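The values are calculated or read from the model by the stated rules, or taken from the named source; none is laboratory data. None of the values given here were measured: they were computed from a predicted structure. With ideal geometry, Cβ positions are generated from the backbone for all residues, glycine too; neighbour counts draw on all protein chains shown. In case anyone asks, the SASA skips ligands and DNA or RNA and just uses the protein heavy atoms, side chains included. Shrake-Rupley method; radii C 1.70, N 1.55, O 1.52, S 1.80 Å.
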Amino acid sequence: MNITIAGAGYVGLITAVCLSRKGQNITLTDIDENKITMLQKQEAPIFENGLSEMLHEYGGKMIFTTVPEQAYGRADIVMLAVPTPDRRDGSANLKYLYEACGQVASHCAKGCLVVVKSTVPVGTCDKIEHFFNDRTLSGLFRVASNPEFLAQGTAIQDTLHPARIIIGAENEAVAQEVQEIYNGFNSDFVVTDRRSAEMIKYASNDFLAMKISYINEIANLCEIVGADVETVSLGMGLDPRIGQQYLRPGTGYGGSCFPKDTKALHWLARFHDYELKTIKATIEVNETQKIRLFKKAKKYYKSFKGVTIAVLGLAFKPGTDDLREAPSIEVIQLLAEEGAVIRAWDPATGNRFAKQYPDLAITCQSLDEALCGAELCLIMTEWDEVRSCKPEKFADLMKAPLVIDGRNCYTPHSFVNSGVLYDSIGRKAVK
Ligand code: UGA
């Protein structure tokens with residue numbers, strides 16, 4: 001069975017190496033020549049735990065190509081993992097998806113099974129089927145939905161040990177074909193129709209986003225009424241109906257998925273004249289939460305003009321170098337507009353940040369360097385290096401130590417008598 005995966009981004013590349021490890025014949029194709037050249041040399045074009053090692057081990061068995069004939073000519077199965085970015089109005093842009101389908105239709109003369117892994121609006125697989133039927137012999141191309149649930153930082157583990165594999169197909173034979181891709185995976189399968197499969201992906205991501213916005217609002221209320229959100233979260237999560245995960249309060253969710261997928265589902269509902277109120281609120285809460293640290297800092301400073309501020313962590317979460325929709329960017333932009341001098345540090349994405357935003361901040365090579373001489377420190381990403389930093393370090397290196405921790409990396413208790421004023425999310429400030 002020859003499987004071609006279109007799109008060498010997170011989903012495509014990780015799926016490719018994991019399926020190769022399970023013994024499948026994999027061809028990975030992308031329009032980006034640089035990515036493919038790197039992959040041909042078994043170099044990882046993205047930052048992901050364990051990916052370099054996997055490429056080193058299985059890259060030699062795989063074909064990497066930008067040439068459509070080579071990619072699709074012999075394919076029995078094509079898995080589409082191309083990006084579906086959001087447009088200004090929140091709807092998903094399916095340009096890359098249809099371009100890839102066009103290439104498949106032109107170069108796979110014998111027909112094949114087309115498996116949609118990209119996150120797409122409900123009803124897209126039906127449209128893709130029409131697309132193929134309009135251009136080729138009807139029924140030559142079968143279309144199935146198989147959404148992806150990997151998270152950055154744990155992508156390989158998530159793919160090798162999925163909590164579930166969702167298959168959306170219009171008949172049993174096609175569902176069976178998709179299931180065979182995952183021979184050797186120990187996972188629950190949910191086989192359903194294509195529209196339900198497409199909806200499971202959005203409903204899952206949006207539910208997790210909603211859980212985060214919910215705990216962030218509870219955290220904000222905890223600050224007002226004098227409760228401790230960490231204990232509230234723990235107490236809630238012990239109820240198995242609620243669960244511990246995605247109840248960590250912070251500076252709002254970021255990345256390439258939750259922000260895009262909440263907007264896309266909200267847009268889709270509106271398109272069908274339905275208002276998805278829970279998701280609308282989730283998005284609104286997140287927008288405010290993303291600048292929560294800026295607002296907190298404002299309580300301590302009338303003006304930021306000339307104030308030196310250390311920002312620890314830039315990536316939208318630890319374990320990735322991804323800056324997309326990272327709350328740090330918005331906060332830094334607001335502080336810079338008000339004349340603050342920002343010393344930013346991130347162990348994975350510092351250089352990328354410096355290239356993308358050369359005028360916003362001084363990018364430091366170490367956490368210590370960022371803290372040196374700062375009056376205020378904002379913690380935006382919970383990297384291990386930040387978590388293991390001792391209160392004395394802030395006291396020693398900073399000029400007037402005020403730490404505002406957007407990820408609750410420490411207990412307020414650890415700062416008592418340290419000479420550092422410590423503020424966090426959903427807990428009382430301490431000195
Ligand atoms: C997310 C989902 O977790 C994956 O299942 C899904 O496959 C993926 O989107 C996708 O659609 O491709 P990812 O965006 O990599 O994965 O990141 P998460 O680990 O889910 O975190 C998303 C954001 O939520 C981060 O900014 C993180 O800091 C924030 N978060 C997460 C919280 O603020 N609190 C929490 O308790 C958990």
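Tabulated data
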item: Selected residue [assigned to a loop (DSSP other than H, G, I, E, B), out of contact with any Leu (no Cβ under 9 Å at 6 or more places or on another chain) and open to solvent by 30 Å² or more (accessible area, probe 1.4 Å)] from D89, D126; result: D89
item: Some residue of the stretch 362-383 being within 25 Å of S303 (Cβ to Cβ) and aromatic (F, W, Y); result: no
item: Selection count, the stretch 1-31, where residues are away from the ligand (no atom under 16 Å from the Cβ) and either assigned to a strand (DSSP E or B) or not small (G, A, S) (or both); result: 17
item: Index of the failed condition, I165 passing every other in (1) assigned to a loop (DSSP other than H, G, I, E, B); (2) open to solvent by less than 70 Å² (accessible area, probe 1.4 Å); result: (1)
item: Matching option when the condition is of a type in the set (F, W, Y) and in a loop (DSSP other than H, G, I, E, B), among F131, F47; result: F47
item: Test: residue in the stretch 129-140 that is within 16 Å of the ligand (Cβ to nearest atom) and either touching a residue at least 60 places away in the same chain (Cβ under 8 Å) or hydroxyl-bearing (S, T, Y) (or both); result: no
item: Pairs, first under 28 Å from P45 (Cα atoms) and in a loop (DSSP other than H, G, I, E, B) in the stretch 313-340, second open to solvent by 50 Å² or more (accessible area, probe 1.4 Å) and near the ligand (Cβ under 10 Å from one of its atoms), C-beta under 7 Å, six or more apart; result: F316/R324; F316/E325
item: Search result, residues across the stretch 304-347 that are within 15 Å of the chain's Cα centre (by Cα) and of a type in the set (A, V, I, L, M, F, W, C); result: L314, A315, F316, L323, A326
item: Residue list for the stretch 79-108, filter: within 25 Å of A264 (Cα to Cα) and β-branched (V, I, T); result: V82, T84
item: Qualifying residues in the stretch 324-344 (those that are open to solvent by 10 Å² or more (accessible area, probe 1.4 Å) and within 11 Å of the ligand (Cβ to nearest atom)) - the one farthest from P249 (Cα to Cα); result: R324
item: Qualifying positions in the stretch 261-286 - among the basic types (K, R) and open to solvent by less than 70 Å² (accessible area, probe 1.4 Å); result: K263
item: Filtered residue count, the stretch 244-289, keeping only those that are more than 16 Å from the ligand (Cβ to nearest atom), in a loop (DSSP other than H, G, I, E, B) and charged (D, E, K, R); result: 2
item: Count of residues meeting criterion [open to solvent by 60 Å² or more (accessible area, probe 1.4 Å) and either closer than 20 Å to C112 by Cα or in contact (Cβ under 8 Å) with a residue 60 or more places away in the chain (or both)] in the stretch 194-213; result: 2
item: Any hit, the stretch 135-157, residues being more than 19 Å from the chain's Cα centre (by Cα), at pLDDT 95 or above, surrounded by 16 or more Cβ atoms within 10 Å (Cβ to Cβ) and in a loop (DSSP other than H, G, I, E, B); result: yes
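Yes/no matrix, rows are residues, columns are (1) touching a Pro at 6+ places or on another chain (Cβ under 8 Å); (2) more than 10 Å from the ligand (Cβ to nearest atom); (3) assigned to a helix (DSSP H, G or I); (4) closer than 21 Å to K290 by Cβ:
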{"site": "K201", "(1), (2), (3), (4)": "yes, no, yes, no"}
{"site": "K211", "(1), (2), (3), (4)": "no, no, yes, yes"}
{"site": "I215", "(1), (2), (3), (4)": "yes, no, yes, yes"}
{"site": "L221", "(1), (2), (3), (4)": "no, yes, yes, yes"}
{"site": "L234", "(1), (2), (3), (4)": "no, yes, yes, no"}
{"site": "D239", "(1), (2), (3), (4)": "no, yes, no, no"}
{"site": "I242", "(1), (2), (3), (4)": "no, yes, no, no"}
